[in-house]
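Readers should treat all values here as calculations from the given coordinates under stated rules, not as data from a laboratory. Keep in mind the model is a prediction, meaning the values are calculated, not measured. Cβ: placed from backbone, ideal geometry, glycine included. Neighbour counts: every protein chain shown.
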Amino acid sequence: MMRKMLSCAICTIAMMALLSVHLHVVPPYSKLPDPHRLPHPSVMHLSCFHSFRLDSALIGIPIVRSCGSLHQIAIICPVLNPVRTIPVTPSESKGYLLAHTNGGLNQMRAGICDMVAIAHIINATLVVPKLDKKSYWQDSSNFSDVFDEDHFINALANDVKVIKKLPIEIGSSMKAVKYFKSWSGMDYYQEEIASMWADYKVIRAAKTDSRLANNNLPPDIQKLRCRACYEALRFAPQIEAMGKLLVDRMRSNGPYISLHLRYEKDMLAFSGCTHDLSPAEANELKMIRDTNDNWKVKDIDPMEQRSKGFCPLTPKEAAIFLCALGYPSNTPIYIAAGEIYGGDSHMGDLQSRYPMLMRKEKLASSEELEPFTNHLSQLAALDYIVSVESDVFIPTYSGNMARAVEGHRRFLGHRRTISPDRKALVRLFDKIEQGKLKEGKYLSDHVIESHRKRQGSPRKRKGPISGTKGTDRFRSEEAFYVNPLPDCLCQGGSRNLNTSIIIKSELEARKHRGYTVEATMGVSLLSTFPSLVSVPSLTISTTPTIRCPSNAVVIRCNKMDTDVPGENVLRRREVLKCFGATVGMELLASSGSFVEMASAADLIQRRQRSEYQSSIRQTLSAAIKGKPELIPYILTLTLNDAISYDKATKSGGPNGSIRFSSEISRPENNGLSAALNLVEEAKKEIDSYSKGGPISFADLIPFAGQSAVKATFLASAIRKCGGNIEKGSILYSAYGSSGQWGLFDRQFGRTDSQEPDPEGRVPQWEKATVQEMKDKFSSIGLGPRQLAVMSAFLGPDQAATESLLATDPDVTPWVQKYQRSRETVSQTDYEVDLITTLTKLCSLGQQINYEAYTYPVRKIELSKLKL
């Protein structure tokens, strides 16, 4: 009795410790610590004097190898090679494309790059675009005043012929003015626009913004957009030189933040935001909005706008946000903005918290800035340069400049861009004003946690919002220039990235600031560590680090945040809690009584099945790699075993019956014996190390199909990286659809059939008509879409199969859709739909035993514990 009471007491203490100690669960294959974490203060004070961290990547081509998740990987192989799919030479040009840009600097930049791509698509000679001189900014700058015109022409020479002026001999009667449709694709330009060459020699694009679709364009066109934006469209030499000077002067103060404070008169008038403004100021903004004919919406509810997150942060709100993120008051901050509305009357809070506020007017003399004065586009270009090169970029509004800078920083490598969640922040700011919430640790922790995934990390471009249609559907997509990945990723190109930013060597700058720099590769991260870590100098190791911890669970004993300065040691209470948690985890993980009572969803059994699946995949992958010519036959083997399901009798399906000689010898399975032999050999090896019994053919054959599919996806990624296996593997790991296999992997525990399935259930795919294929797929609840995506499973020649399927009007659109998808870098639509269909096929009529392949763990004899 005493022994049982003591055991219960230990378990109770352990559970209490578990509830009070922070546990950080590390995935088994997480190899790289995330170096881009938001600053987390160790000691929180309202004045913000506490530790912080700034990270920034060197200019160049950072390649971080990782077996971790996508947000931990920054892989940039800039696309600077010319596009050669549709050669354009002066003799082949059909005519001339004039482009009159509209909007501010960054809206015009995006429009110019799209015009380059459109000129390429329609075989046009592009005339150097005209900049907008009539918009709100009233800037008289010409193209050559803002951009390096000669470099623009020369950099695109192999893709598009660009000339400075339209030839004099072209008459006005041969010109046409055209408003290109927004977010249009290849078909629109190749058919409707290109057909105009029959009647005109010159086509003038009346507007340039958002004229080209963000997605579903050929890879070469997307690469050309990247090349135009990040290589050809370089700022004019005088702007580059001044930008270099401003960056150098900001760098002299150490790592800095660029704050795009969009609290300017035009933005406030356009958005209708009046929070913290006087009635007179609000009326002035309304008058500006009412008199501007280009702004269609006149009556705006400012409170509704702010509550929905449609308003830029005020300077005061920006100060609270920076403080909550943990940046101290001595952080150098560059204000990337024009004239702040209201001037010092609205900048007081931000200035008092962060006295090291810098603007170009403070960093440079009036004589140095004189050439750019009264030219807002050129002044905006200076802000753009300083922002792209900053250690951290924080936009207070998601306008054109914020989006352009974020995209450029993504292209150059992972440079942290923190995008405030304005809708969520407004609720916090209102509580502070109402006295319901105070600034301090709670606010800081909440803000930091909610912004961990809003840092501009490499990821796929977001598609349209579900449920949107027509123009709204395209408008809801993430713009191409906000996130040019993965289209501008791993497509070859020069390793000498010629950016539009001319600054001194970053290594020299780091050495100048007193850091010890160890350079062994074109990758580096700058980190200023918290004051708790006493180091005389910071060594920046540029060698990629790969860590793959073998332990599935790590218990970390975190130091408690305290308001007592200097108290930076672990207390005895924390040590005891950690010890209790360790004992508790050991008891929970190893005690036989707990395991025997566990359900099928028990974490230990899940881990066992997951580890077993990983071993199975490794065995199958190695077998397939040794005989890649069998991949098409493995796919057909998987399909034929699964598609034998009969809904009426609820028999057949993926039950492994195809292993029987009487079934594998049937006409529909002709040529599949070699694939079955490979599976049988793999089974022998798998059974030799299995701790939970032999694997069933019903499970092994679908897993063989999965491994074959993954092999085809990987091969496609390698081809897209010019045959470079290393880059292709990283591309597939980062941007492939591996995360879509979750449901497939859970269908693990099928039972083998003890007899062959009845004959006549599986067609002979190579002889079947499209209608017969459709009928078979329909009989198991699938349609033309699923038939099209499974084309690789219907015989060894996928191209021939798709040619046949394309003769049917019901299947043709889906065949074309997946062919286009396979041309893209990530081929997302094709991969996701194929995985979904294969998952459905491999679950037909099966009862899954979720305890299959599990085994008892070593028991702990509680009676032998010394207490």
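Observations, loosely collected:
- Each label point was placed 7 Å from the Cα along the Cα-to-Cβ direction; for Lys308 and Ser614 their separation is 4.7 nm.
- Length gained when the stretch Ala282-Thr468 is fully extended (0.36 nm per residue, less Cα-Cα span): 63.6 nm
- A DSSP coil position with no more than 13 other Cβ atoms inside 10 Å describes the following trypsin sites (Lys or Arg not before Pro) in segment 752-807: Lys767.
- Note on segment 264-311: with charges restricted to the Cβ of Lys and Arg (+1) and Asp and Glu (-1), its dipole about the Cα centre is near 140 debye.
- Gyration tensor (alpha-carbon) shape descriptor, segment 613-762, a/c threshold 1.5: prolate
- Of the chymotrypsin sites (Phe, Trp or Tyr not before Pro) in segment 402-462, not one is in a loop by DSSP (not H, G, I, E or B) with at most 12 other beta carbons within 10 Å.
- Relative contact order for segment 603-841, counting Cα pairs under 8 Å that sit 6 or more residues apart, in percent: 23
- Whole-Å distance, taken between Cα centres, linking segment 603-662 and segment 778-812: 21
- Each residue, Asp187 and Leu743, gets one label point 7 Å from its Cα in the Cβ direction; the gap between the two is 2.9 nm.
- Where trypsin sites (Lys or Arg not before Pro) fall in DSSP loop in segment 244-337, at most 12 other Cβ within 10 Å: Lys296, Lys298, Lys308
- The Cα center of segment 675-726 and the Cα center of segment 186-235 differ in position by 43 Å.
- When the Cα positions of Ser366, Asn400, Gly348 are compared along the charge dipole of segment 314-415, Asn400 comes out farthest toward the positive end, with charges on each C-beta of Lys, Arg, Asp and Glu.
- Relative contact order for segment 756-865, counting Cα pairs under 8 Å that sit 6 or more residues apart, in percent: 19
- Given +1 at the Cβ of Lys and Arg, -1 at the Cβ of Asp and Glu and no other charges, the dipole of segment 95-232 around its Cα centre is 300 debye to the nearest 20.
- Listed residue (Gln747, Pro784, Ser688) projecting farthest to the positive dipole end of segment 673-787, Cβ model: Pro784
- Highest mean first, the peptides 443-453, 108-118, 674-684 sorted by other C-beta atoms within 10 Å per residue fall in the order 108-118, 674-684, 443-453.
- Magnitude of the charge dipole, segment 603-841, Cβ model with Lys/Arg +1 and Asp/Glu -1, debye to 20: 760
- Judged by the gyration tensor of its Cα atoms, with axes a ≥ b ≥ c, segment 236-316 is prolate; a/c meets the 1.5 cut and a/b is the larger of a/b and b/c.
- Put simply, the Cα atoms of segment 681-790 extend 46, 42, 24 Å along their principal axes, the longest span coming first.
- Entry note, segment 193-333: relative contact order of 27 percent, from Cα contacts under 8 Å with a spacing of 6+ residues.
- Kirkwood Rh and Cα Rg combined as Rg/Rh, segment 264-311: 0.93
- Whether segment 95-232 is rounded, prolate or oblate, judged on the alpha carbon gyration tensor where a/c under 1.5 counts as rounded: rounded
- Pairwise centroid distance, computed over Cα atoms, of segment 328-385 with segment 90-148, Å: 29
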